[in-house]
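Beneath this line is the structure, given in structure tokens, with notes to follow.
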Amino acid sequence: MEEWFEPLSLFEKIYWAVAGISSVIFIVLLVLTFLGGDSDTLEGDVDVEIEGDTGIGFQFLSFKNLIGFLTIFGWSGIACLEGGLSKGLTVLISVICGLLMMLAMAGLFYYLGKLQSSGTLILKNALNQTGEVYLTLGANRSKIGKVSITVQGSLRELDALTDEDKDLVMGNVIRVKEVTDNGILIVELLNK
């Protein structure tokens, strides 16, 4: 290995060192990410109380992005040097490539964070949904029962009342026609 590294100029040695070291760290971070390892300790832990649900937002400067910058910076610089480009043009191209990598990684993590769902049930989303009686509902709102209904992509068992003249029993197909202020569904029988 020394026979290959010794004849390189200092400029080339710097690019090879940056590319090699940052690539090893990048691979370790990648493996930890796939294995579920917590690499957040590398970025530092800070306890802060934040009012409201603002989310993380767009983070351009982070440890992972810096490693991505150095990896692409090093390898694009080596490619430019192998292509016979001047030192100034090599530095310019490798910095631009590194910044584009940082931007791409920050954008990727930002949009992946936006895909998360809060999981909060919004009962108004149950309006006009169909479901099935799970526990008997008393006629004319005389007894609260339960219905199984899909709301926001998940099957839920929710409290319900009915205005029907007869009890609704297990297996009856219903439609939600109203949601009360206290979170009880008002349902009607579909197959009368």
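The values are calculated or read from the model by the stated rules, or taken from the named source; none is laboratory data. For clarity, every value in this text was computed on a predicted model and none was experimentally measured. Glycine also receives a Cβ, built like all others from the backbone with ideal geometry; neighbour counts cover every protein chain displayed.
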Original post:
Inside the range 161-192, can you point out the residues that are in a strand (DSSP E or B) and within 11 Å of residue 132 (Cα to Cα)?
Top reply: 168, 173, 174, 175, 176, 187, 188, 189
Subject >> The listed residue being assigned to a strand (DSSP E or B), within 32 Å of the chain's Cα centre (by Cα) and surrounded by 13 or more Cβ atoms within 10 Å (Cβ to Cβ), out of 133, 147 >> reply: 147
Subject >> Subset of the range 80-100 [closer than 19 Å to residue 21 by Cα, surrounded by fewer than 16 Cβ atoms within 10 Å (Cβ to Cβ) and without any contact (Cβ under 8 Å) to a residue 24 or more places away in the chain] >> reply: 95
Original post:
Only one of these conditions is not met by residue 165: (1) closer than 18 Å to residue 120 by Cβ; (2) exposed (fewer than 14 other Cβ atoms within 10 Å of the Cβ). Which number is it?
Top reply: (1)
Original post:
residue 108: loosely packed, with under 13 Cβ neighbours inside 10 Å, in the same structural domain as residue 72 (by TED's automatic domain parsing) and under 30 Å from residue 16 (Cβ atoms), yes or no?
Top reply: yes
